[in-house]
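Take a look at the structure below.
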Protein chains: 2
Amino acid sequence: MSKGIIVQKYGGTSVADIGRIQNVAKKVVAAKRAGFDVVVIVSALGHSTDKLIELAHQITVIPSERELDMLISTGEQVSCALLAMAIHKLGEDAISFTGAQVGIITDTSFTKARIIDINAKRIVEELKKKIVIVAGFQGVSVNQDITTLGRGGSNLTAVALAKVLNAESCEMYTDVEGVFTADPRVVKDARKIDRLSYEEMFELASLGTQVLQPRSIEFAMKFGVPIHVRSSFSNKIGTIISREVKAMEHIVVSGVALNKDEAKVTICDVPDRPGIAAKIFKVIAKENINVDMIVQNVSRTHATDISFTVPGTDLHKTIKVAKELSRRVGAGDITFDKDIAKVSIVGIGMRSHSGVAAIMFEALAEKRINIEMISTSEIKISCVVNKKYGEKAVRVIHEKFGLGKKKVKK
Amino acid sequence: MSKGIIVQKYGGTSVADIGRIQNVAKKVVAAKRAGFDVVVIVSALGHSTDKLIELAHQITVIPSERELDMLISTGEQVSCALLAMAIHKLGEDAISFTGAQVGIITDTSFTKARIIDINAKRIVEELKKKIVIVAGFQGVSVNQDITTLGRGGSNLTAVALAKVLNAESCEMYTDVEGVFTADPRVVKDARKIDRLSYEEMFELASLGTQVLQPRSIEFAMKFGVPIHVRSSFSNKIGTIISREVKAMEHIVVSGVALNKDEAKVTICDVPDRPGIAAKIFKVIAKENINVDMIVQNVSRTHATDISFTVPGTDLHKTIKVAKELSRRVGAGDITFDKDIAKVSIVGIGMRSHSGVAAIMFEALAEKRINIEMISTSEIKISCVVNKKYGEKAVRVIHEKFGLGKKKVKK
């Protein structure tokens, strides 16, 4: 009797070479022998996708997106065939499939396609006898063209299949043991978090935690698929990400995140007229610049300063656009600062607890770290500080909320 | 107005790196701009298939054939996507397809599947506007499993598509300028052959000419598809292989071939009873040993010697089987010789010309080259000689038949 279906997803670092593929095979076989029907989603071997893209770029700087998907989808096809062989070697039956073969139907937005339907008939049939391996990150259009799902696409494949197959669990294997209260390289006593809500994980992901992409969390949240983030190099329980449960409400702050990849831009003396801000950010969005925090200072003498942060890589483009904009709306100088760090705390309990922001600001003040910008959401507070104080800020906040030793209770 | 459809097939050496893919793109675009609708079949980049097989062998010595096909079919998918990009770069529209996408339906004999049907609807449709590129060597079973067609499979794909599309021409691009009267590395004045019959090419291919595999010639012959073997590094006309035409009958000998990869085995004193030879070769075939020439000497005193040649790599296995067989049928010693070379002449005109064998034997006798075995078919005569005389034998025969300077006429 089967104990139900488990979906396991292994990322590129988990299948970087033959030895690691054999290690993954052992984990898959263990789950099968523990009585589960196992569906495995794999990414491409290590950096093989980058190598394929590099080949394309030797031909043209802007390859056709359809042909790029045709090219890079081979990476996952290779790793899933090799994993099937490694499982056979351990004495279990396994069969691998491309996205097209298991009916992962997408739209035709090549390189960033959206799944529109899954016909899991073949998987369900094979799962009665075999371990089923599915190439992550890819699908097929109704016209039979191969598509890929964009960054973190293998996670989307895993979540979507877990939903369709009504799986007991969706395990995301990675090279860390789960989601931590802070980056363990920055904060020595950072602690693995046992449970997180989708919303918290979503904020942590947006803030630069590399474990799961915001898009796959959104997808899991939409379908209510619980995710177990864990390490492919150990057997320890990792972090469970699910709908908010009662116990979570008591945890005010779940983690502290750091992002050093942004830059701050200020448009000075913007005329204080209705609709000006909308006009500015519409133009910036049109240039495909992803604005994160926006702060508008109190108006004085009919003019105001508007500051915002953008990815550091977009800084030059942003300055150019901002200068042009400033001329057009009759604003003043453009100033910018590349040396910033964004420190954020995230926690679902924050919603019903006042004074959390004050504690954070106090922690920074005690160490004389100046706050340049502040932005808050329901479950997140972010402060921009000088880049050189970024790590120090994370450590003092992590300590102030007592995250390293025990959870902060009401 | 289209001048009709041209099928072009480029082998692994023609697409070994990005530079060569760009070279292929130029040739394809030239054909398109000359007014043809072009369908291109490509093999995998250089040695990429070998590299994938090596990965599989790091996991297991006997990989599942289904999974092996899943793995190695990615090679052609990569090269056809890259070729599409290179054609785009030259300003022409192109679209690439896997075997599955263009409906190349095969049986389920993984790693050596046979094409059972082609649904070329998508190709015909796309060909109205675009250059169509198809991954060679692969197909798909009715159950949607990916299959490969075995050695020389891309040639099969090309011939099959040329037939289905009723193409004007099926061009096989390779790294030599066509089929030669002898290996140009052995015979300095070897001449490129302008026209060959399928039968001649079939014999030459079996004898070790690497240009086309016997299976793809058989396929082309069956469907009456004329093949043009030519170089991807020049614009010269190569060798046209087609049904026998009148002009061919005048050519007695088309080419001289050399095979140094065989070994000779003799079972001595085999009892001269009916059915003994059948018994011997049935057992050898069962061991998957591919026997080429068989010679039985004249019977004396109710016993006979049976000699045969096998691939050198199968020699040890063959000796073991032969010893066991000899005991069982009451024959004598087993002798063997690794130092042999097989020299063969092939020509469709031989059928109606007597004395051809005599000329060949005379040529060898003049140079005091001893003949160890002789075997003949309707359009081929093969002699086994000592390996060290192999090249010399090819040269004297090539000269005797005047192949270098002009064709031998009746």
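Computed from the coordinates by the stated procedures, all read-outs in this text should not be read as laboratory data. These figures come from a predicted structure and were not determined experimentally. All Cβ positions, glycine included, derive from the backbone under ideal geometry; neighbour counts span all protein chains shown.
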GNM result for chain B, Cα springs below 10 Å: residue of B:246, B:89, B:27 fluctuating most strongly: B:246
Residue order, fewest to most surrounding Cβ atoms within 10 angstrom, among A:181, B:106, B:335: B:335, A:181, B:106
Sorted by Cβ neighbour density within 10 Å, fewest at the top, the residues A:148, B:60: B:60, A:148
Karplus 3J(HN,Hα) series, Hz, for the range B:156-161 with 6.51 cos²θ - 1.76 cosθ + 1.60 (x for Gly, Pro): 4, 4, 4, 4, 5, 5
Reachable aspartates and glutamates, given that their alpha-carbon falls under 14 Å from the alpha-carbon of residue A:380 and they are not under 8 places away in the same chain: A:199, A:200, A:203, A:292
Semi-axis lengths, Å, the range B:148-227, gyration tensor of Cα atoms, sqrt of 5 times eigenvalues: 23, 13, 11
Local electrostatic count, residue B:296, Cβ distance below 11 Å [Lys/Arg +1, Asp/Glu -1]: -2
Cα-centred dipole magnitude for the range B:190-325, charges only on beta-carbon of K, R (+1) and D, E (-1), debye, nearest 20: 260 debye
Those aspartates and glutamates that a straight Cα-Cα span of less than 13 Å connects to residue A:9, excepting residues fewer than 8 apart in one chain: A:76, A:171, A:175
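Can you tell me the dipole magnitude for the range B:5-175 around its Cα centre, using point charges on the Cβ only (Lys, Arg +1; Asp, Glu -1), in Debye to the nearest 20?
500 debye
In what sequence do A:268, B:383, A:170 fall when counting other Cβ within 10 Å, fewest first?
The fewest-first ordering by Cβ neighbours comes to A:268, B:383, A:170.
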J(HN,Hα) series, the range A:167-177, from Karplus relation 6.51 cos²θ - 1.76 cosθ + 1.60, nearest Hz, glycine and proline x: 5, 5, 7, 10, 9, 9, 8, 9, 9, 10, 7
On Cα atoms only, tilt of A:48-59 relative to the major axis of chain A in degrees: 70 degrees
Ellipsoid semi-axes in whole angstrom, largest first, where each is sqrt(5λ) of the Cα gyration tensor of chain B: 41, 28, 18
Estimated 222 nm signal from helices in chain A, with DSSP H stretches of n ≥ 4 weighted -39500 (n - 2.57), rounded to 500: -10500 deg cm²/dmol
For the range A:196-248: rounded, prolate or oblate by the Cα gyration tensor [a/c cutoff 1.5]: oblate
Overall Cα dimensions of the protein assembly as shown, principal axis frame, Å, largest first: 116, 62, 43
Copy-to-copy label separations for residue A:351, where each label sits 7 Å from Cα toward Cβ, in nm and ascending: 8.7
Other-copy label distances relative to residue A:281, 7 angstrom Cα-Cβ extension, nm: 8.5
Cut-off 10 Å between beta-carbons: net charge of the residues surrounding residue A:239, Lys and Arg +1, Asp and Glu -1: +1
7 Å along Cα→Cβ, label-point gaps from residue B:30 to other copies, nm, shortest first: 6.0
Under 5 Å, built H, 5+ apart or other chain: amide partners of residue B:147: B:139, B:140, B:141
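Charges only on Cβ, +1 for Lys and Arg, -1 for Asp and Glu: so what's the dipole of the protein assembly as shown about the Cα centre, in debye to the nearest 20? Spell out each step's value before the answer.
On the way: 116 positive and 92 negative charges, 67 e Å.
Computed charge dipole of the protein assembly as shown: roughly 320 debye.
With 30 Å as the limit, write out which pairs from B:129/B:236; B:121/B:192; B:112/B:188; A:112/B:32 have Cα-Cα distances beyond it, or answer none.
Values: B:129/B:236 28 Å; B:121/B:192 38 Å; B:112/B:188 37 Å; A:112/B:32 32 Å.
Flagged as over cut-off: B:121/B:192; B:112/B:188; A:112/B:32.
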Within the range B:5-175, percent of DSSP bridges classed antiparallel, to nearest 5: 25 percent
Relative contact order of chain B, pairs being alpha-carbon contacts under 8 Å that are 6 or more residues apart, as %: 14 percent
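What is the local net charge at residue B:97, summed over the other residues whose Cβ is closer than 10 Å to its Cβ (Lys, Arg +1; Asp, Glu -1)? Walk me through the numbers before you get to the answer.
On the way: positive: B:122; negative: A:145, B:126.
Once all neighbours under 10 Å are counted, the net charge is -1.
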Size of the range A:61-116 as Cα extents on the principal axes (Å, biggest first): 44, 28, 12
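Give the value in nm², to one decimal: projected area of the alpha carbon convex hull of the range B:196-300, averaged over all directions. Don't skip to the end; give the middle numbers.
On the way: hull surface 41.8 nm².
Mean shadow area of the hull around the Cα atoms is 10.4 nm².
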nm² value of the averaged projected area, convex hull over the Cα atoms of the range B:255-329: 5.6 nm²
Bins of 5 Å from zero: percent of alpha-carbon pairs in the range A:238-292: 4, 10, 15, 14, 10, 9, 12, 14, 9, 3, 0
For the axis carrying chain A to chain B: nearest C-beta residue of A, whole Å: A:74, 2
Estimated vicinal HN-Hα couplings, Hz - the range A:197-205 in sequence order (Karplus 6.51, -1.76, 1.60; Gly, Pro = x): 7, 4, 4, 5, 4, 4, 5, 4, 5
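Given 4 °C and 1.567 mPa s, compute D for the range B:20-92 with the Stokes-Einstein relation, Rh being the Kirkwood radius over Cα pairs; round to the nearest whole µm²/s.
Working: Rh = 13.8 Å.
Translational D for this selection: 94 µm²/s.
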Among B:2, B:334, B:49 - extreme Cα towards positive end, dipole of chain B, charges at beta-carbon: B:2
Residue among A:313, A:266, A:49 with the largest mean-square fluctuation in a Gaussian network model of chain A, springs linking Cα atoms under 10 Å: A:313
Values of log10 I(q)/I(0), in the order q = 0.10, 0.12, 0.16, 0.17 Å⁻¹, for the range A:5-175 under a Debye, Cα-only, solvent-free model: -0.34, -0.48, -0.85, -0.96
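Express the C-alpha Rg of the range B:278-410 as a ratio against the empirical globular expectation 2.2 N^0.38 Å, rounded to two decimals.
Details: Rg = 17.2 Å, N = 133, 2.2 N^0.38 = 14.1 Å.
After normalising by residue count via 2.2 N^0.38 Å, the value is 1.22.
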Top positive-direction residue, dipole computed over the protein assembly as shown with Cβ charges, set B:30, B:106, A:184: A:184
Most mobile of A:372, A:262, A:171 in a GNM of chain A (Cα contacts under 10 Å): A:372
Contact order relative to length of the range B:5-175, as percent, for alpha carbon pairs under 8 angstrom and 6 or more apart: 30 percent
For the range B:122-184: Kirkwood Rh in Å [reciprocal of mean 1/r, alpha carbons]: 14.0 Å
